[in-house]
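Values quoted throughout were computed directly from the atomic coordinates according to the rules given, and no laboratory measurement underlies them. Predicted, not measured: the structure shown is a model, and the values here were computed from it. Please note: Cβ atoms are built from the backbone with ideal geometry, for glycine as well, and neighbour counts cover all protein chains shown.
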Amino acid sequence: MFAFRRWFALVLSLGALSAAAQPAANDSLLAIIRENRQDAAEAKALNALAASLSRTDMAKGIGYLHQNLALCARIKDTSYLTRTYNQLVTYQLHSGRRDSAQYYLSLLKGLAEGTNSVDARTDYHMAAGLFYKIEGNYKAAMPFLLASLEDARGLVRTDPSISTKTYLAGQYLNIGNTYTVMADYRKALAFHLQSLQRFEEVGNKQGIAYCYQGIGGDFLSLGQFDQARAYTQKAIALKTGIKDQRGMGTALKQQGSIFRGEKQWDSTLAYYFGALKVFQGMNLKVEEADMEFDIGNVYGDMADLRNARLYLNNSMTVAREMGDSSRHKSAEAALLSLQGRIDRQRSDEVKLMSSLRASAESGDRQMQLANYQYLADHYEGVKQFDKALYYARKYYEMNDSLQGREVQLQMKRLEAQYNVEKKEREIRLLKEDQQLTKLILQRGKAFQYGAVIVVGLLVLIGFLIINRNRAVHNARRLVEMEKMRNTIARDLHDDIGSTLTSINVLSKVALEPQEEGFLRSSLQKIKDRSSAIMEKMDDIVWAINPINDSMEELLSRMKEFAAELLEPTNIEYRFEEKGDLAAMKLDVRRRRELYLLFKEAVNNAAKYSQCRELTIRLEQRQDSLRMEISDDGTGFDVQQVRGGNGLTNMRERAASLSGKLLIDPVVGRGTTIVLEAVLP
């Protein structure tokens, strides 16, 4: 029954069975329900029937779920009750009834905490993740989605059936879609490809279609429209074949967004209106609000202000009916920006700042980027060029971190206007000071002369203090930047430079006439070393990115690296965390050294220890961080190691962290590596 439970959960998250197979399946389920057995078999049939209706008739599906609530209460079946709560959370959200969805989520949470049931906990993780994701609070959704992924991995280890593998593929897909909205496209693509591989293994066409759409969305976000169109068309072809009505709506929206990126407005609106018709027909309020918002912005791009206001107001109305403050504020911000084209003096700064805070708190970095642009436009219109320059810089800094650096003419123009205004203020102040000085001199009193001297001395002292502090601050900044440049240069020269040199040599050898086996070996080495360069470059870029300064981001990357390295080798692993790790702050150098030491230790365990289990423990103490990595492998004799396994590198990194490193191998029993690092 547990295997069916996971299959059911996937059906709910992806959209149930294909429409081509629904009539016969639904008739069989209805036959069971009409028998009125009043048992678990009837509850199971009600759940499955509601799931199959999730993409065609959501209102009827909700009716079957309410019928099942009464049945589960009569027969006292907790398992199917948690399943029903899980479905109702998602159904109510898509229907625009947020309060009802939150109510059922609270009931599910109570069952999960009160009964200590694995089924209830698993259902709660999945329902909470989808609740916060659909609501637009992606930061809150991600821990639950990752927990749901771990639940699925554990299930596959105990029951490697097609249904459980399909459920696991669905969790990878949900996380990939969330990373796309959070603008972490590298992680999004990695999870989408993981999901696609698993759906292809089990032959699930609907899952494959959603993966194609997710990958197309990743390329769309990066502005690679040809690749995005190719994957989106594959998704549309599959969804047409299985008659997935709701899925067609999301695919049409994405196809329209591709044309929007290419500024083909007529084609954009054609696909957008097709998607809106699907969402309105199925009463999907969340999707309807988002679609009205996008159509309004397209009309704004076309300078059709009347239609732009019409559809943005429609989006606000739907969001208000749902009680969705985040979408309501986003539509308000877009309307304010639109109104600024007509009369920027009437823009509402308070609402723009509120929208910016809401997008930052929810983790919607794409909307946060748009809000920076709205604020820059607003302040430029009211001639507050210092603030306009500040938010323009914020926009381009975030845009550079997501898609690459661009030099924009608008920033130069704003900066020039700001500097001119600043000079004019300084001239006015200088003239006022001169007039005041003349007035004081005219009075000709000794006391006033003394006051002028005192004031002059105070100004001079203040000026000297400010200049000194500025010089000290600039010197510190230069030292920090020089250290950063030296570190990056050393890494590029030592690691990547040497690898590129070897690739160059191998390429020259491969160009010479060689035996086929030797040529294949050379090409394989080039491939392996190119992959190594990509991995090292990724580590360098990640390490210096200020977005990753939190311990939470470091832990997430550690877990991602461990999963990518250990899962293919069938090594069981687990993370244990103790203390308030999320509150810790590490500078760029310490974060990089800690991550590379961890990476070296895990990599050595995977390659050389022949272990079956690996345990990673992180503990935050009063003034230090303790990291322990232990395996049950073959161990080794430290005296016989001559610079191998990266032990020297790990000791050097521990010293750089002002910490102590203990390497305790026991031949035949495994190896334990303990780092005690003093916190700054």
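Rounded to whole numbers, the Karplus 3J(HN,Hα) couplings from phi for region 101-109 are 4, 5, 5, 5, 5, 5, 5, 5, 4 Hz, using 6.51 cos²θ - 1.76 cosθ + 1.60 with θ = phi - 60°, and x at Gly and Pro. Spin-label pair Lys351-Leu222: with each label point 7 Å from Cα along the Cα-Cβ axis, the two points sit 3.7 nm from one another. Counting 0.36 nm for each residue step from Tyr449 to Asp664 and taking away their Cα separation leaves a gain of 69.6 nm. In region 222-258, whose amide N lies under 16 Å from the spot 7 Å out along Cα-to-Cβ of Ala270? List them in ranges. What the label zone holds, given the 16 Å backbone N cut-off, is 233, 252-258. Quickly work out the Gln384-to-Asp304 label distance, labels modelled 7 Å from Cα along the C-beta direction, and quote it in nm with one decimal. Output for this residue pair reads 3.4 nm.
Ranked by the mean number of other Cβ atoms within 10 Å of their residues, highest first, the peptides 252-258, 188-194 fall in the order 252-258, 188-194.
For the pair Arg34 and Val541, the difference between a 0.36 nm per residue extended length and the Cα-Cα distance amounts to 176.4 nm. Obtain the nm distance between the two label points defined at Thr648 and Arg74 by a simple spin-label model: each point lies 7 Å from its Cα along the Cα-to-C-beta direction. Placing both labels 7 Å along Cα→Cβ, they lie 7.7 nm apart.
The calculated FRET efficiency for the pair Gln339 and Lys243, based on their C-beta separation and a Förster distance of 35 Å, comes to about 0.25.
The order of the peptides 579-588, 232-241 by mean Cβ neighbours within 10 Å, most packed first, is 232-241, 579-588. Derived value for region 548-678: Kirkwood hydrodynamic radius 14.9 Å. Basis is the mean of 1/r over every pair of different alpha-carbon atoms.
Using a Cα-Cα cut-off of under 23 Å, which lysines could be cross-linked to Lys431, ignoring same-chain neighbours fewer than 8 residues away? Filter leaves Lys422, Lys423, Lys445. Legend: residue pairs Lys536/Lys607; Lys559/Lys599; Lys263/Lys387, Cα-Cα distance threshold 20 Å; pairs beyond threshold, Lys263/Lys387. Computed from the C-beta positions of Leu441 and Glu553, the FRET efficiency with R₀ = 51 Å rounds to 0.25. In this calculation the C-beta distance from Asp580 to Glu361 is compared with R0 = 30 Å, giving a FRET efficiency of 0.90. Note on region 288-330: percent of Cα-Cα distances in each 10 Å bin, starting at 0 and stopping at the bin with the largest distance, equals 37, 50, 13, 0. Shown here are the Rg and Dmax of the Cα trace of region 190-238, at 10.3, 32 Å. Normalised by the residues of region 548-678, what does the relative contact order come to in percent, with Cα pairs under 8 Å and at least six apart? About 25 percent, as a whole number.
Subtracting the Cα-Cα distance of Val472 and Ile162 from 0.36 nm times their residue separation leaves 105.2 nm of extension gain.
Taking Rh as the Kirkwood radius computed over C-alpha pairs, what is the Stokes-Einstein D of region 88-207 at 10 °C in a medium of viscosity 1.306 mPa s, expressed in µm² per second? Approximately 107 µm²/s, per Stokes-Einstein.
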